[in-house]
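Visitor: My questions all concern the structure below.
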Amino acid sequence: MSLLEIKDLKVRVDNHDILKGINLTVNPGEVHSIMGPNGSGKSTLAQVLARREAYAVTGGEVLFNGKDLLAMKPEEAACEGIFLAFQYPVEIPGIGNAYFLRSALNAVRKYHGQDEMDAMDFLPLFREKLKLLDMDEKLMNRSVNEGFSGGEKKRNEILQMAVLQPRLAILDETDSGLDIDALKIVSKGVNAMRSPDRAMIVVTHYQRLLNEIVPDFVHVLANGRIVKSGGPELALELEEKGYAEIEDTRQPMPA
Amino acid sequence: MSTNVDTIRDLAEREYKWGFISNIEEDRVPKGLNEETIRLISAKKQEPEFMLEWRLKAYRHWMSLEASQAEPKWANVKYPPINYQDIAYYSAPKQKPKLESMEQVDPELLRTYEKLGIPLQEQKLFAGVAVDAVFDSVSVATTFKGKLAEMGIIFCSFSEAVRNHPELVQKYLGSVVPYTDNFFATLNSAVFTDGSFVYVPKGVRCPLELSTYFRINAAETGQFERTLIVADEGASVSYLEGCTAPIRDENQLHAAVVELVALDNAQIKYSTVQNWYPGDKQGKGGIYNFVTKRGSCRGVNSKISWTQVETGSAITWKYPSCILQGDNSVGEFYSVALTNNYQQADTGTKMIHLGKNTRSTIVSKGISAGHGQNTYRGQVKILKGATGARNYTQCDSLLIGDKCGAHTFPYIDVRNASARMEHEASTSKIGEDQMFYLRQRGLTAEDAVSMIVNGFCKRVFRELPMEFAVEAQKLLSVSLEGSVG
């Protein structure tokens, strides 16, 4: 069974049709990249899959692991294994990073009928992931994302992902605002999580991230539709020719 | 999946869980306020003459205030007129005349405390808390009196103090909040029935957290307790109070007075977790919490610190204040006030700087949800002689939903040019983006709100003794239930 099946998904935001019939199938182990110009609906798609309620779904169907994803609340989708690495991670003043992450992990564990993890058990896990992302231990007790640099925030997203071990990770422009060194660290963290039973959707504008996280499939989203799909070479083509040319050669996506 | 939905529904529909009524025989005086009532209260308490005289002076003064309609109306709260003749001013659990040990306490009463999670027994010794419990108006039992007595610390009910330590009571009673202070304090002075008394002698650091538990049980009664804490030179003490009440349809009046006196180099830390019944979702019933709390930093280098977590009551009208009289004295006020449903709170502090190099810190966190109205009202006054005085005020409001309100009234009066004042204020709403972020990580909407609010209050919770901080966080979460739809 495929992990994610999007069928003719239509989404409207503020009276504008943003997604106009998306079809996409993601199987376990696959990494899909979604590219496209500004305003094409990439972030909207990412947010809808994470069940942001502000976006109204006007048509279509999404199955996650065979379950109706569109009927789930954000926390249910999260507990079912969907993780969104935010383009703009949010600050939560007064709540320590480690405490927050342990609460999140325990919420997921509880959902699956597992015992909650206490601070003593959590600490080694947290430390190990900090090291993976080359993050300072001081970040452990700082408030969630408060006063973090842009790069630290993005690394913190991947840290959360590494701890929560989702089945589907959606990375929404994780490369934006990263310098080349930070980009390599973040990519290393993401690549370490590639596995046969986990899938990823990498949303990005630029080819440079895809040099580090090499996708199995690349899809071009333009004007609310997937207009072209291919292998990693498609990303290189886009880098060379730009989006304008591709948008003209609209073709249906292979099933 | 459905478990999650059910949990939220359960949480949202959970009612005030301290709302049980205990079936205990009470001894109460007839409703109404007159000289006879006051003589009766005083007689029941076997008070010395000076106490009765003081009560009667207060009563006569209150009558003149009542006649001139001097009940304060400036607060940003609304409530129908109170009929002061329709309140019973004394209600006590019926008891054997005197309690020598815990075994003599009414078992029903002990069960009530167990329901409240306040075991009076030995367990508290390990927790390092000595408890004085005020049930309706009378102090029921004070634990660990013996241990404290060895150190010369007096911790007892106010009535006992009046009988056994009249010289201390006479010296300090009304010295911070005189009976003429304000309408509600005057009423309290006339009719107060019990409360707590603490005296820590010179140079003694009280090794336990002293704690009082207040509960209003009887219907149509007011609770008018009076607390007096004196820390003599070089002494220090930390005192906690907690409050609950059963669910009742009618409003009940709670008009307490707390006076703190810190002499040279003394420190008093006073923490409150107030969870009086707030009324139901439609705003019916609930406690009117009209309280006067004031501390006097009378000696040099003395320090008084107020920490309050106010989640209950239909209306809160309360301004724990510090008079910084001694040079280098320090006043602090840390407050979390939460209003949900139709609750109203008008709360804050007064810092009056008289001595040189006096310092004060105010940190106020107001949270409004539902139709709640939350007002911060604070006064910082730096008088002529207060050379080198400093104040720092931080005043933050958090709004949940679009039907609640947050209001801020800071009054600043500086009469010494060397003074330094800082005032920071902010108003924010729990953002949809914050909620989505937390929920995307697996937290329920309720847990997400609770987490954001607890983060917002962290600066204040840090000031609470450890076990109270945990309780306060839980209380906040419970009080917020149903605030997100």
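The values are calculated or read from the model by the stated rules, or taken from the named source; none is laboratory data. What you see is a predicted model, and the numbers here were worked out from it, not measured in a lab. Reconstructed Cβ throughout: ideal geometry from the backbone, glycine too, with neighbour counts over all protein chains shown. Surface areas here come from the heavy atoms of the whole protein model, side chains and all, with no ligands, DNA or RNA. Shrake-Rupley method; radii C 1.70, N 1.55, O 1.52, S 1.80 Å.
Visitor: Can you pick out the pairs among B:K171/B:K293; A:K129/A:K154; A:K7/A:K184; B:K78/B:K429; A:K7/B:K429; B:K429/B:K474 whose Cα atoms lie more than 26 Å from each other?
Guide: Values: B:K171/B:K293 18 Å; A:K129/A:K154 14 Å; A:K7/A:K184 34 Å; B:K78/B:K429 24 Å; A:K7/B:K429 37 Å; B:K429/B:K474 21 Å.
From the list (B:K171/B:K293; A:K129/A:K154; A:K7/A:K184; B:K78/B:K429; A:K7/B:K429; B:K429/B:K474), the Cα-Cα distance tops 26 Å for A:K7/A:K184; A:K7/B:K429.
Visitor: Now a separate question. Quick check: net charge around B:L173, other residues with Cβ under 9 Å of its Cβ, Lys/Arg +1 and Asp/Glu -1?
Guide: Working: positive: B:K171, B:R226; negative: B:E259.
The answer is +1.
Visitor: Could you quote the convex hull projected area for segment A:1-114, Cα atoms only and averaged over all directions, in nm²? Present the calculation step by step, with values, prior to reporting the outcome.
Guide: Numbers: hull surface 34.1 nm².
Orientation-averaged projected area of the Cα hull: 8.5 nm².
Visitor: Between chains B and A, what is the buried accessible area summed over both chains (1.4 Å probe, protein heavy atoms, nearest 100 Å²)?
Guide: Working: alone 19700 and 11970 Å², together 29170 Å².
Buried area between the two chains comes out at roughly 2500 Å².
Visitor: Would you work out which of B:N374, B:A314, B:I352 lies farthest towards the positive end of the dipole of segment B:307-380, given +1 charges on the beta-carbon of Lys and Arg and -1 on that of Asp and Glu, about the Cα centre?
Guide: B:I352
Visitor: Any residues in segment B:408-447 that have 20 Å² or more less accessible area with all protein chains than in their chain alone, probe 1.4 Å, and which are they?
Guide: Residues of segment B:408-447 that lose at least 20 Å² of accessible area once the other chains are added: B:E432, B:D433, B:Q434, B:F436, B:Y437, B:L438, B:R439, B:Q440, B:R441, B:G442, B:L443.
Visitor: Using every pair of alpha-carbon atoms in segment A:140-179, split the distances into 5 Å bins beginning at 0 and state the percent of pairs per bin, rounded to integers.
Guide: 5, 22, 30, 23, 16, 4
Visitor: For a quick protection proxy, order the peptides B:347-359, B:404-416 by their average other-Cβ count within 10 Å, most packed first. Walk me through the intermediate numbers first.
Guide: Details: B:347-359: 23.5, B:404-416: 15.9.
The densest-packed peptide leads the list: B:347-359, B:404-416.
Visitor: Still on this structure, please answer the following. Please state, rounded to one decimal and in Å, the Kirkwood hydrodynamic radius that segment A:151-255 gives when every pair of distinct Cα atoms enters the mean of 1/r. Each step should come with its number before you reach the end.
Guide: Working: mean 1/r = 0.0681 Å⁻¹.
Result for segment A:151-255, one decimal place: 14.7 Å.
Visitor: Can you give the three extents of the C-alpha atoms in segment B:236-366 along their principal axes, from longest to shortest, in whole Å?
Guide: Extents along the principal axes: 50, 22, 17 Å.
Visitor: Please work out the FRET efficiency for the pair B:K78 and B:E53, using the Cβ-Cβ distance as r and a Förster radius of 35 Å; give the result to the nearest 0.05.
Guide: Working: r = 37 Å, r/R0 = 1.06.
Using R0 = 35 Å, I get an efficiency of 0.40.
Visitor: Separate question: From Cα coordinates alone, what are the radius of gyration and Dmax values for chain A in angstrom?
Guide: Looking at chain A, its Cα Rg and Dmax stand at 18.0, 57 Å.
Visitor: Here's a follow-up. Roughly how many Å² is the accessible area per residue of segment A:112-255, as a whole number, for a 1.4 Å probe? Each step should come with its number before you reach the end.
Guide: Values: 6850 Å² over 144 residues.
Here the per-residue accessible area is 48 Å².
Visitor: Along the Cα-to-Cβ line of A:V214, 7 Å from the Cα, sits a label point; which residues in segment A:24-52 have backbone N less than 16 Å from it?
Guide: Once the point is set 7 Å along Cα→Cβ of A:V214, A:30-33 turn out to lie under 16 Å by backbone N, inside segment A:24-52.
Visitor: How long are the semi-axes of the equivalent ellipsoid of segment A:58-176, defined as square roots of 5 times the Cα gyration tensor eigenvalues? Whole Å, largest first.
Guide: Computed over segment A:58-176, the values are 25, 18, 12 Å.
Visitor: Further, regarding this structure: In segment A:82-125, which residues have a backbone nitrogen under 18 Å from the label point lying 7 Å from A:N141's Cα in the Cα-to-Cβ direction?
Guide: A:93-103, A:119-125
Visitor: Would any residue of segment A:94-109 have its amide N under 20 Å from a label point 7 Å out along Cα→Cβ of B:M466? List them or say none.
Guide: Residues passing the 20 Å test: A:96, A:99.
Visitor: For segment A:8-57, evaluate the Debye formula with one uniform point scatterer on each Cα (no solvent term) and list log10 I(q)/I(0) at q = 0.13, 0.18, 0.22 Å⁻¹, rounded to two decimals.
Guide: For the requested q values the scattering log ratios are -0.32, -0.59, -0.86.
Visitor: Further question: Per residue, what volume in Å³ does the convex hull of the Cα atoms of segment B:347-485 enclose? Don't skip to the end; give the middle numbers.
Guide: Working: hull volume 15.7 nm³, N = 139.
Considering the Cα atoms of segment B:347-485, their hull volume per residue is 113 Å³.
Visitor: Another question, then. If you take the Cα Rg of segment B:343-426 and divide it by 2.2 N^0.38 Å, with N the number of residues, what do you get?
Guide: Numbers: Rg = 14.7 Å, N = 84, 2.2 N^0.38 = 11.8 Å.
Segment B:343-426 yields a ratio of 1.24.
Visitor: Compute the distance in nm between two label points, each set 7 Å from the Cα along the Cα-to-Cβ direction, one at B:T180 and one at A:D8.
Guide: Result for the modelled spin labels: 8.5 nm.
Visitor: Would you work out what percent of the accessible area of segment A:2-45, with all protein chains in place, is carbon or sulfur (probe 1.4 Å)?
Guide: Details: 630 of 1650 Å².
Here carbon and sulfur together make up 38 percent of the probe-accessible area.
Visitor: Another question about this same structure. Leaving out ligands, DNA and RNA, and with a 1.4 Å probe, what % of the accessible surface on segment A:97-255 is carbon or sulfur?
Guide: For segment A:97-255, the apolar C and S fraction of the accessible surface comes to 50 percent.
Visitor: At a 1.4 Å probe radius, which order do B:H61, A:H32 fall into by accessible area, largest first?
Guide: B:H61, A:H32
Visitor: Taking only protein heavy atoms and a 1.4 Å probe, what accessible area per residue, in Å², does segment B:375-431 have with all protein chains in place?
Guide: 52 Å²
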